[in-house]
Amino acid sequence: MFVPMVSISDLEAAGRLGAEGKWFVVDRRSNILVHDGDIPRGANAPVEGLTVHLLGIDRGEPVWAVEAHEEIDVPALAQWIHLRQLFGSIEEQDWALAGRAAQIVNWDRDHRYCGRCASPTDAHAADRARVCPKCGLMAYPRLTPAIITLVERDDGKALLAWGAQFPGRFYSALAGFVEPGESLEQCVVREVKEEVGIEVTDIRYFGSQPWPFPHSLMIGFQARYAGGELVPQESEIVDAGWYSHDDLPPVPRGGMSIAGWLIEDWLKRQQG
Ligand SMILES: [Zn+2]
């Protein structure tokens with residue numbers, strides 16, 4: 001059993017223990033405790049947690065993440081809602097904070113032992129890190145960068161692909177994880193080549209998005225078709241094709257993901 005833990009520097013930085021704050025209570029499956037339709041507020045955690053982390057100060061209010069016990073009694077008017085389903089039901093900045101809370105809680109829980117020498121780790125006194133008292137290995141919150149890219153042709157059509165991981169017929173931009181030693185641009189070129197067999201050029205940064213499922217950072221690009229025939233990679237892509245704005249398969253439009261923002265931006269330019 002772990003004792004609720006807040007590092008001294010966190011408390012000093014906040015200077016606000018006991019002040020009203022927002023409490024993101026997270027369980028092992030990234031469910032978030034919602035009270036009366038919103039994130040609980042108060043001077044104390046709404047439930048007793050295993051660990052407590054100060055995420056920061058948001059609009060003058062301390063923001064806390066709490067790792068929930070596996071079995072807790074949910075207070076009256078409260079319920080668990082998965083982070084993914086929570087989008088749209090609370091304000092967007094709170095949803096982003098919930099994503100951060102889930103990632104910090106999950107990272108902390110997954111790094112209680114040193115990956116090098118297996119000793120129990122301690123919370124670092126100043127940084128958000130776990131440190132091994134025996135060998136000194138530091139473990140920082142883990143982020144996995146992934147690129148997502150919408151490829152366009154000179155005739156205005158965009159490349160949309162039905163990924164094998166989608167539950168039904170659903171098309172989107174191409175995405176993939178960045179390999180160690182690879183630049184983001186190299187990753188775009190490699191992923192597009194691997195997944196659909198074509199060459200791209202004119203790679204432009206579009207924007208980025210934290211994607212807490214479980215700990216990605218999505219980096220969005222636009223790219224231009226440069227040559228080759230579409231050959232979908234069997235294990236990853238069910239189908240891929242060039243689509244015009246007036247003949248679209250099911251795609252994300254705006255909404256919670258950068259895939260939707262990329263497609264929405266392309267559609268606006270096509271229809272503009
Ligand atoms: Zn160690």
Can you pull out the residues in region 242-261 that are without any contact (Cβ under 8 Å) to a residue 24 or more places away in the chain, assigned to a loop (DSSP other than H, G, I, E, B) and either touching an Asp or Glu at 6+ places or on another chain (Cβ under 8 Å) or within 19 Å of V192 (Cα to Cα) (or both)? R253, G254
Are any residues in region 120-157 away from the ligand (no atom under 16 Å from the Cβ), hydrophobic (A, V, I, L, M, F, W, C) and more than 30 Å from E229 (Cα to Cα), and if so, which ones? A125, A126, L143
Take the residues of region 84-114 that are closer than 17 Å to W211 by Cβ and of a type in the set (A, V, I, L, M): which is farthest from the ligand (Cβ to nearest atom)? L86
Those residues of region 218-241 which are part of a strand (DSSP E or B) and either among the acidic types (D, E) or open to solvent by less than 50 Å² (accessible area, probe 1.4 Å) (or both) amount to M218, I219, G220, F221, Q222, A223, G227, I237, D239, A240, G241
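The values are calculated or read from the model by the stated rules, or taken from the named source; none is laboratory data. Here the structure is a predicted model, which is why all the values come from computation and not from measurement. Reconstructed Cβ throughout: ideal geometry from the backbone, glycine too, with neighbour counts over all protein chains shown. Just so you know, the surface numbers come from the protein's heavy atoms only, side chains and all, with ligands and any DNA or RNA stripped out. Shrake-Rupley method; radii C 1.70, N 1.55, O 1.52, S 1.80 Å.
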